[in-house]
Amino acid sequence: DPDFYQANFSDSGWKDIKVPSHWMMEGFDGKTGTAGYRRHLQIPASFRGRRIKLLFDAVYSGADVWLNGQRIGSHEGGFSPFELDVTAAAHLGGDNLLAVLVREKTLSSHLDNMSYYANFPLTGIFRQVRLFSLPEIHVRRFHVQTVFDSAYKDATLTLDLSVENESNREIAGAALAILLKDPQGHSVPLENDHLDVRLGPWSRLEQQVEFHVASPLRWEAEHPQLYTLSAKFSGASGNEIVSRRF
């Protein structure tokens, strides 16, 4: 039904389906190549003042998404995750209706031909879906790379960093403190381990930071040495800590 995404639409005759899954593997007929999903969920009142996101790890091959009858967005490409901001449509502390229209045939499916290789239609929400919240000012990207010198002794640690302000106010006086710990949990000294952050409304700071690390322990299959890099962001929305093991 074209109105399946409306909150007052009756789904009493619909069947349940396990998610993640493929339609065919759950016994549903995929001949039309389209289907609607509906799910009621609670969004905590504690999310107030934060950005609320939906993250789909994979939907094959196209998806249109509504929350409480409001269209949130769409995505094509069955093997790539996509994230949608649902803050404006969310009912905090109450019932919410999530509706997803899934399409098998898209431009992407004509390019990847994955249903052909699988010998059955892959259509469905076949990877995890998560609802989460973030402070309005938050670390969006925190990616670590390491390169050893020619003697394979010392290393350069490169941090690709992105801090985002998803609010209508300017942020000044915020700071990012970076901490590196070795596999035993001991702190490793770093130069330039503090970064001052100033962001205008609805803006993003992207920066690459390099650190020299003398004689780090090296990872190999028999000795899987993992370091931990953490960043504590102190700003108007409070403190946020992100970390990566590598």
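Are any of the residues in region 79-95 modelled with pLDDT under 95 and surrounded by 15 or more Cβ atoms within 10 Å (Cβ to Cβ)? Yes; the residues of region 79-95 include at least one that is modelled with pLDDT under 95 and surrounded by 15 or more Cβ atoms within 10 Å (Cβ to Cβ). Among all positions in region 59-67, there is no residue which is at pLDDT below 95, in a loop (DSSP other than H, G, I, E, B) and not hydroxyl-bearing (Ser, Thr, Tyr). For region 126-163, the tally of residues that are open to solvent by less than 40 Å² (accessible area, probe 1.4 Å), closer than 14 Å to ASP85 by Cα and modelled with pLDDT of 95 or more stands at 1. Cβ-Cβ distances below 6 Å connect the following pairs, each with a first residue in region 194-207 that is closer than 14 Å to LEU159 by Cβ, a second residue that is assigned to a strand (DSSP E or B) and open to solvent by 30 Å² or more (accessible area, probe 1.4 Å), and a separation of six or more residues or different chains: HIS194/ALA177. Of note, ARG103 does not satisfy the criterion of being at pLDDT 95 or above, basic (Lys, Arg) and surrounded by fewer than 16 Cβ atoms within 10 Å (Cβ to Cβ). Scanning region 138-174 for residues being closer than 21 Å to ASN192 by Cα and hydroxyl-bearing (Ser, Thr, Tyr) gives a total of 4.
Confirm whether ILE178 is modelled with pLDDT of 95 or more and either closer than 30 Å to HIS91 by Cα or surrounded by 14 or more Cβ atoms within 10 Å (Cβ to Cβ) (or both).
yes
For region 216-246, residues that are open to solvent by less than 90 Å² (accessible area, probe 1.4 Å), outside any strand (DSSP E or B) and either among the basic types (Lys, Arg) or in contact (Cβ under 8 Å) with a residue 60 or more places away in the chain (or both) total 4.
Is there a residue being crowded, with 17+ Cβ neighbours inside 10 Å and within 23 Å of the chain's Cα centre (by Cα) anywhere in region 38-46? So far as region 38-46 goes, yes, one or more of its residues are crowded, with 17+ Cβ neighbours inside 10 Å and within 23 Å of the chain's Cα centre (by Cα). The set of residues in region 170-215 that are assigned to a strand (DSSP E or B) and at positive phi contains only GLY173.
The values are calculated or read from the model by the stated rules, or taken from the named source; none is laboratory data. No experiment lies behind these values; they were computed from the predicted model shown. Don't worry about glycine lacking a Cβ; one is built from the backbone with ideal geometry, like all the others, and counts go over all protein chains shown. SASA here: full protein model, heavy atoms, side chains in, ligands and nucleic acids out. Shrake-Rupley method; radii C 1.70, N 1.55, O 1.52, S 1.80 Å.
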